[in-house]
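**Student:** What follows is a single structure, and I will ask about it in a moment.
The values are calculated or read from the model by the stated rules, or taken from the named source; none is laboratory data. All values derive from a computational prediction rather than experimental measurement. We place every Cβ from the backbone using ideal geometry, glycine too, and count neighbours over all the protein chains shown.
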Amino acid sequence: MRILSIGVDEELSRSIASSLRVIVDDSYDIDDSSNFLRFRNYDLILLDYDLEYNKTKKFIAKISKEYKVPLIILSIIDDKDTEISFLKAGADDFIKEPFDLDIISARVEAKLRRTIDNRIKIGKLTIDIGEEKTSYRDKEIEIKGKPFDILVYLAEHKNQVISKDRLLNAIWEEPEFITPNVVETSINAIRQKLDKNLGIKCIETIRRRGYKFCYVDKEAS
């Protein structure tokens with residue numbers, strides 16, 4: 001999972017990433033964040049309110065309407081009217097100073113848990129995201145690390161063609177330093193475990209476009 005941290009203290013962002021085992025991208029401010037949102041998909045946005053009320057309110061409304069990504073506000077001031085206004089504009093939570101890592105991490109984790117189903121079940125195939133387990137006909141298949149993350153991402157976007165660049169941006173912390181070949185290696189690892197061992201086809205290569213999760217439970221059809 002990937003979080004966009006806007007204006008948040010870098011040490012706090014790193015601590016959240018370590019605590020929740022998620023990828024956190026740090027953006028300087030609301031204007032800078034547009035570059036991140038244009039090229040990457042996020043599971044949650046953490047925004048430090050810097051007293052630019054009108055800009056912040058418009059940004060919250062835009063995120064709620066266009067991106068539909070959960071957004072949590074960190075505020076340096078305890079102001080009831082601002083809190084109510086931002087929540088009505090589309091923010092999902094409003095946390096005031098003093099910032100406590102345990103509390104912030106717990107609220108972020110709770111929002112991610114409600115937003116993303118921890119289990120993907122398609123016929124006899126089950127992918128348990130929280131436990132990092134994959135099973136077919138109740139038999140566990142060992143797929144770990146980046147191959148598992150790719151399997152989850154493709155399954156979450158079933159029947160969509162996902163490019164290598166999109167997979168890199170969604171799963172690797174610094175995709176600009178990673179060669180696309182690692183995606184092919186991970187895809188092959190998934191196919192070795194699922195397609196060849198179990199005789200089922202889960203991932204289809206779409207020439208010059210990317211990959212598509214295509215598993216269909218034949219018994220249910």
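**Student:** Can we say Glu173 is in contact (Cβ under 8 Å) with a residue 40 or more places away in the chain, surrounded by fewer than 18 Cβ atoms within 10 Å (Cβ to Cβ) and part of a loop (DSSP other than H, G, I, E, B)?
**Tutor:** The answer is yes for Glu173.
**Student:** Give segment 176-200 a look and list any residue that's surrounded by 13 or more Cβ atoms within 10 Å (Cβ to Cβ), basic (Lys, Arg) and either within 12 Å of Ile150 (Cα to Cα) or free of Cβ contacts under 8 Å to residues at least 40 places away in the same chain (or both), or say none.
**Tutor:** Arg191
**Student:** Just one of Ile104, Ile127 is assigned to a strand (DSSP E or B), on the phi < 0 side of the Ramachandran plot and touching a residue at least 24 places away in the same chain (Cβ under 8 Å); which is it?
**Tutor:** Checking each option against the conditions leaves just Ile127.
**Student:** Quick check on this structure: which one of Gly123, Gly130 is assigned by TED's automatic domain parsing to the domain that holds Val183 and more than 28 Å from Leu37 (Cβ to Cβ)?
**Tutor:** Gly123
**Student:** Of the conditions (1) closer than 18 Å to Leu20 by Cα; (2) out of contact with any strand residue (DSSP E or B) (no Cβ under 9 Å at 6 or more places or on another chain); (3) modelled with pLDDT under 85, Lys146 satisfies every one except a single condition; which number is it?
**Tutor:** It fails just one condition, (3).
**Student:** If you go through segment 82-101 one residue at a time, how many are within 15 Å of Ser5 (Cβ to Cβ) and assigned to a helix (DSSP H, G or I)?
**Tutor:** Going through segment 82-101 one residue at a time, the tally reaches 1.
**Student:** So Phe148 ticks every box in (1) under 15 Å from the mean Cα position of the chain (by Cα); (2) aromatic (Phe, Trp, Tyr); (3) surrounded by fewer than 18 Cβ atoms within 10 Å (Cβ to Cβ) but one. Which box is left unticked?
**Tutor:** With (1) under 15 Å from the mean Cα position of the chain (by Cα); (2) aromatic (Phe, Trp, Tyr); (3) surrounded by fewer than 18 Cβ atoms within 10 Å (Cβ to Cβ) applied to Phe148, the lone miss is (3).
**Student:** Which residue, of Ile104, Ile76, is at pLDDT below 90, buried (at least 18 other Cβ atoms within 10 Å of the Cβ) and out of contact with any Phe, Trp or Tyr (no Cβ under 6 Å at 6 or more places or on another chain)?
**Tutor:** Ile104
**Student:** Right, something else. Tell me whether segment 116-125 contains one or more residues that are under 16 Å from the mean Cα position of the chain (by Cα), surrounded by 15 or more Cβ atoms within 10 Å (Cβ to Cβ) and over 30 Å from Asp50 (Cα atoms).
**Tutor:** yes
**Student:** Do you know which of the residues in segment 180-204 that are more than 19 Å from Gln160 (Cβ to Cβ) and in a loop (DSSP other than H, G, I, E, B) is farthest from the chain's Cα centre (by Cα)?
**Tutor:** Per the criteria, the residue is Gly199.
**Student:** Another question, then. Does segment 57-67 contain any residue that is basic (Lys, Arg), loosely packed, with under 15 Cβ neighbours inside 10 Å, under 22 Å from Asn169 (Cβ atoms) and at pLDDT below 90?
**Tutor:** The answer is no; no qualifying residue exists.
**Student:** Also: Residues Ser19, Ser75, Ser13: which one is touching an Asp or Glu at 6+ places or on another chain (Cβ under 9 Å), over 25 Å from Pro175 (Cα atoms) and among the polar types (S, T, N, Q)?
**Tutor:** Ser75
**Student:** Name, by its number, the condition in (1) surrounded by 15 or more Cβ atoms within 10 Å (Cβ to Cβ); (2) of a type in the set (D, E, K, R); (3) under 21 Å from Glu109 (Cβ atoms) that does not hold for Glu97.
**Tutor:** It fails just one condition, (1).
**Student:** Between a first residue in segment 77-95 that is within 17 Å of Val8 (Cα to Cα) and a second residue that is assigned to a helix (DSSP H, G or I) and among the β-branched types (Val, Ile, Thr), which pairs have beta carbons less than 8 Å apart while being 6 or more apart in sequence or on different chains?
**Tutor:** Correct list of pairs: Ala91/Ile60; Ile95/Ile103; Ile95/Ile104.
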